[in-house]
Structure formats: C-alpha cells, structure tokens
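Here is the structure we will look at, set down as structure tokens.
The values are calculated or read from the model by the stated rules, or taken from the named source; none is laboratory data. None of the values given here were measured: they were computed from a predicted structure. Cβ: placed from backbone, ideal geometry, glycine included. Neighbour counts: every protein chain shown. All accessible areas refer to the heavy atoms of the entire protein, side chains included, with ligands and DNA or RNA removed. Shrake-Rupley method; radii C 1.70, N 1.55, O 1.52, S 1.80 Å.
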Amino acid sequence: MAAAKPATKGLTLMKMKNISSLILTAVVVLLFVAVEIQASCPLVVQHPPCAEFWRADAVFIATATEVQTKPQGFSGAAAITARLSIEESFKGIAEKEIMLEPDGCDYQFTQGEKYLVYAHRRPENKKLIVKIGRTRTKPLAEAAEDLNYIRSLLRGEPQAQIVGRIGQHTAEIKESGRRFDSNTHFFGAPLAGIKVFAKGAEQTYETFSDAKGEYAFFGLPAGEYEIRADYPIYFESRKETVQTTAQGCGIGNIAAWRKGAISGRVTDAKGAAVVSLRLSLVSADAAPEEILEERENQSVWHLGNTDEKGEFHFTRLPAGRYFIVINRSEFERSRMAERLQKIPRLFYPGVKNLEKATVISIEEGEQVKGKDFRLPKFE
C-alpha cells in the first residue's frame, strides 16, 4: 500500500500539469481570437459623443451578466452572445435585460464588467447589435467623456454644434515597416493653441484648440461652414466644409502636412537615370548600430524609390539631420532588380563609409533639392 502513494501522487501531479497546460492553452487561444477579431473586422472612425450619441439607436449603462464566445474560423471574427442587465437607459430602449445575438465582429464584452453601450438596430429585424468598429461602447470606468456629454444634454445645457481636432501629418522615418513609398506618414501629436475659424454665410467665428488639439463652436446659426486652422507657416494649409445638424454636432477634423522635403536624382556612371532604386532616409542623430540595423522581412527606416527620371523625393519631413543611403540593408537590396543589387551600400554623396557621409540638415518647412548621386560603374 505504501508503494501506491508515490504513484498516486505522480498521477495527481501529472493531472495538475495537464490541467494547467489546458488552461494556458485556452488563455492563449482566447488572446489569439481577440487579436484576430480586431484584425479582421472593419474599423470605422469613431466621432465624439455629440455625434455618436445621435447616430446610435440605443444608449445605456449595463452589466454583462453572461458572455459566450465562439470563433468563426482561423482568421474570422468571433460570434458573441451577451446577456446585458440594463441599469440606466439614455435613449432607445425600455427593457431591463436584453440578449445580444451573435452577428460577427461583435463587441468583446467581459462577463461581470459594467459598460456604457452604444447599440444599433439591424435593418431587417430591428434587433440591437454592438459591433467592433461601429460603436463607442466601452467599460463604464473609461466613459467619463461620454457620460459628461450625455448628462449635460439631459440637463438642457448648450451643446457644441461643430467640433473637431487639429492635428498634423509628419513623415515617420523610423519604423516605416513594410510600406515602400515616400509618403509613409502618421497622424502625429495634436496641435494645441491653434486658432480655428468657422466661416459662415454672414459671419466668421473663432476659437482655439485645447491641449488635446480639440475645438468646439457653440451657438452657430444653422448652415454650412468652412473650417480652417491658423497653422504655422511650415505646414500646408487645409480646409474642411461642415454642415450644422438639427441634432448632435458636425465634425471638422483637420490635419495639415509639414512642408519639409529632401529630393535629388540618381544617375549611373554614364549619366543615365537609375530607375526603381530604393533609398533610405535615416536620422543622422541615431547611433551607427541603429542606422545600419538589419531586420528580417522589413525595413527599419523610411524608404523611397527613384522614378522614371531617376528622381527621389522624401516629403512631409520635420526639421532634423538626415543621411540618405542606397542599399542600406540586405533586405532592401533583396527587394530590387538583380542589376541594382550590385550597387554597393552608399551614403550621400556617394561614399561607402558612414563616417564620411554628408549630413543633410533642414529647418521646419525647408525643401532641400539637388541631393544627387552619381554612381560608380556597377554592371
């Protein structure tokens, strides 16, 4: 009998390990499913509460009392069945409890969590759905901005008629990823303290963007307005046309591009244009190991191609110090035609060593031209 105890203990430990393994696997699968859902479902830009509240068919506070998830294939969205216990309704629903039936790309509720829910009705049967990419639904603890708007609306306080965000487009020369063009850009930090104008039929109104780059106009006469922002001179100006609405707010988001640019031309030893050659733009202030960094299957730095005239253009650049490099990495070399792969790694103006490379400095909005390469014979 004594000998049986170790075997039983070993079996118990094995079962515990198996159970732990199953639990870990389940967690990994759920995380994978969540990532796949986000990746495969269409995303829609979510506007501020003053727009989304009126667009939704029902808005309410509820607790997810029961949630069941069923994946719909390897890369598809999950189907979510969620029972919601409604604690406070602001719009469009009188029930105290509803069951959201699976529809694909369903919002990922967590059982026991309390939410502010923005729901829409299916056109065919009027049943409520809450879908990823179409809703401002969020945990109640994260919904302060939404609740402030909703409660101020219910109190009858004056509401903004046009709102928006003032931002900037800037080339991101680091982490350009798999996008091989000279226009890689991102919506950068919002711009605070920018004067914003709303020009109507009879009068122009003014306000300023706040620390988040957001602005709002109150008490405007109904009609169409041209919205523009007083950007610094090193940005290209942009305008938007916005119509006030009977309910909610019109949206006028504006993002301008920086004017900074570096351009040049690449020719071979005979003076002919070198076409479809890839060049990297890198920061001259980065460490040498960063500048020469290799990554499998992707570029680290901003990439551009020469056109049919052998010309290249790096645009939308902030002020800074830059190097231009041909065949910076083995990955970039492998992406070009075979004959172009024979070109050695060259730094502007055509040197092989980083220590001898010329730094190209630009101020905000400056457009530097004529940064040409004359290549040695390589065929």
Legend entry - Under 13 Å, Cβ to Cβ, from S89 - net charge with Lys/Arg +1 and Asp/Glu -1: -3
Inset, instruction - Using Cα positions and a limit of under 12 Å, work out the aspartates and glutamates in reach of K131, with same-chain residues fewer than 8 apart set aside. - result: E101, D103, D106
Inset, instruction - Hey, could you get me the Stokes-Einstein D for the range 248-308, Kirkwood radius over alpha-carbon pairs, 4 °C and 1.567 mPa s, rounded to whole µm² s⁻¹? - result: 84 µm²/s
Inset, instruction - Within the set of other residues whose C-beta is less than 11 Å from the C-beta of E311, count the net charge using Lys and Arg as +1 and Asp and Glu as -1. - result: +1
Inset, instruction - Pull up the cross-link candidates among the lysines for K369, meaning alpha carbon to alpha carbon under 23 Å and not fewer than 8 places away within one chain. - result: K174, K259, K270, K309, K352, K356
Inset, instruction - Would you mind estimating how fast the range 264-374 diffuses translationally, via Stokes-Einstein at 4 °C and 1.567 mPa s with the Kirkwood radius over Cα pairs, in µm²/s? - result: 91 µm²/s
Legend entry - Lys/Arg +1, Asp/Glu -1 at C-beta; the range 96-154 dipole; positive extreme among G112, S152, T135: S152
Inset, instruction - Count charges around N353 for me, please; just the other residues with Cβ under 14 Å from its Cβ, Lys/Arg as +1, Asp/Glu as -1. - result: +3
Inset, instruction - Take the solvent-accessible surface of the protein heavy atoms, probe 1.4 Å, and return the percent of it on the range 232-379 that carbon and sulfur atoms account for. - result: 44 percent
Inset, instruction - Give the span of the range 107-172's Cα atoms along each principal axis, as three whole-Å numbers ordered largest to smallest. - result: 42, 40, 30
Legend entry - Mean Cα-pair separation over length for the range 92-177, i.e. relative contact order, pairs under 8 Å, 6 or more apart, %: 22 percent
Legend entry - Cross-link reach list, lysines versus K199, counting only Cα pairs under 21 Å and skipping chain neighbours closer than eight places: K239
Legend entry - Area projected by the alpha carbon convex hull of the range 197-244, averaged over all directions, nm²: 3.7 nm²
Inset, instruction - At q = 0.10, 0.11, 0.17 Å⁻¹, work out log10 I(q)/I(0) for the range 181-324 with the Debye formula, treating every Cα as an identical point scatterer and leaving solvent out; two decimals please. - result: -0.55, -0.62, -0.97
Inset, instruction - Send over a whole-number figure in Å² for the accessible area per residue of the range 79-169, probe 1.4 Å. - result: 48 Å²
